[in-house]
1. Could you go through region 127-136 and let me know if any residue there is within 16 Å of residue 78 (Cβ to Cβ) and either touching a Lys or Arg at 6+ places or on another chain (Cβ under 8 Å) or loosely packed, with under 14 Cβ neighbours inside 10 Å (or both).
2. Tell me the residue from 217, 161 that is under 27 Å from residue 88 (Cα atoms), open to solvent by less than 70 Å² (accessible area, probe 1.4 Å), assigned to a helix (DSSP H, G or I) and at pLDDT below 65, please.
3. Which count do you get for residues in region 165-195 that are open to solvent by 60 Å² or more (accessible area, probe 1.4 Å), of a type outside the set (Gly, Ala, Ser) and closer than 30 Å to residue 125 by Cβ?
Amino acid sequence: MAAYEKRRPGTAPSGGQAAGSEAEFLLRAGVTAMVREALLKVLEARPEEPVSFLADYFERLVLASPEPAGPAQRLAQALWYVSLAHHSHRTAFDSNTGAAYEVLGGGGRRRAAAGVDGRLYSELLRSICQHGEAPAEAAAALLRRVRCRDHEAVPFDVFRYGVLTCFVLLEFASKADALFAVLDGGSGAADARLCQAVLRALEEALGSEHFTQPRRYLEAGSRLGPDGLALAMDRALQERKLSGSMSREEFLKKATALFVAKVKPVE
């Protein structure tokens, strides 16, 4: 008599043997590690719609090819990686930035990365800025400070610095926009005296030195708390001068220009 019982397709053994064989199958197929990594990405990113995030994550894994991809595909994949986690989650952000660096350099599951050149690096930074609310002038000025020549090989620390600085610019612009909303009261234009006073206070908060860590721009800007803001506005209103109005676009341009001026240029 046979030492084992043949099973028809679609049937499963019972008890611990079934559980063991299923677990072994998931491990051999790489599903366990894949799902664990996906759940980790969800925890890192904490998206508003986790199910949509997971659907996009697995779709990109399916579409990812082990063969060399063209520059456009590599750029799209690199942009997706750096956008997975907020820059405040440092470990996750650094890990994703490293993955983007490898993808952009032409690396893959079967190929070693050849390195990122200045052209692809600059295109990635432009793509990041285009997905945010930062004024085009500020984005262009920032790119001039952190760019590399097209033919240059970009070291990872420079790559990370440029990517991080672009994301911090977008957040800085978002905070400046929220600040303007306090000044204009929803009208779309604010008293120019108030705007100039707030911009001066913001410049003082940022200080006069270049920061080597881009996150410190936001930390410095946060020093402009409610008390300091109220004091600056009160002083402006006490000035007996005729004042025009300032638009949201003009305020954002001036505020983000202050930010860009503090960015340490890439040498």
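1. yes
2. 217
3. So the answer is 1.
Per-residue answers, yes or no, for (1) modelled with pLDDT under 65; (2) part of a loop (DSSP other than H, G, I, E, B); (3) touching a helix residue (DSSP H, G or I) at 6+ places or on another chain (Cβ under 8 Å); (4) open to solvent by 60 Å² or more (accessible area, probe 1.4 Å):
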position: 9; (1), (2), (3), (4): yes, yes, no, yes
position: 44; (1), (2), (3), (4): no, no, yes, no
position: 62; (1), (2), (3), (4): yes, no, no, yes
position: 85; (1), (2), (3), (4): no, yes, yes, no
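Residue-by-condition table, conditions (1) hydrophobic (A, V, I, L, M, F, W, C); (2) part of a helix (DSSP H, G or I); (3) modelled with pLDDT of 85 or more:
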{"site": "183", "(1), (2), (3)": "yes, yes, no"}
{"site": "186", "(1), (2), (3)": "no, no, no"}
{"site": "202", "(1), (2), (3)": "yes, yes, no"}
{"site": "208", "(1), (2), (3)": "no, no, no"}
{"site": "242", "(1), (2), (3)": "yes, no, no"}
{"site": "266", "(1), (2), (3)": "yes, no, yes"}
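The values are calculated or read from the model by the stated rules, or taken from the named source; none is laboratory data. Remember, predicted model here, so these are calculated numbers, not experimental data. No Cβ is skipped: glycine too gets one built from the backbone with ideal geometry, and neighbour counts run over all protein chains shown. Accessible surface is based on the protein model in full, side chains and every heavy atom, while ligands, DNA and RNA are left aside. Shrake-Rupley method; radii C 1.70, N 1.55, O 1.52, S 1.80 Å.
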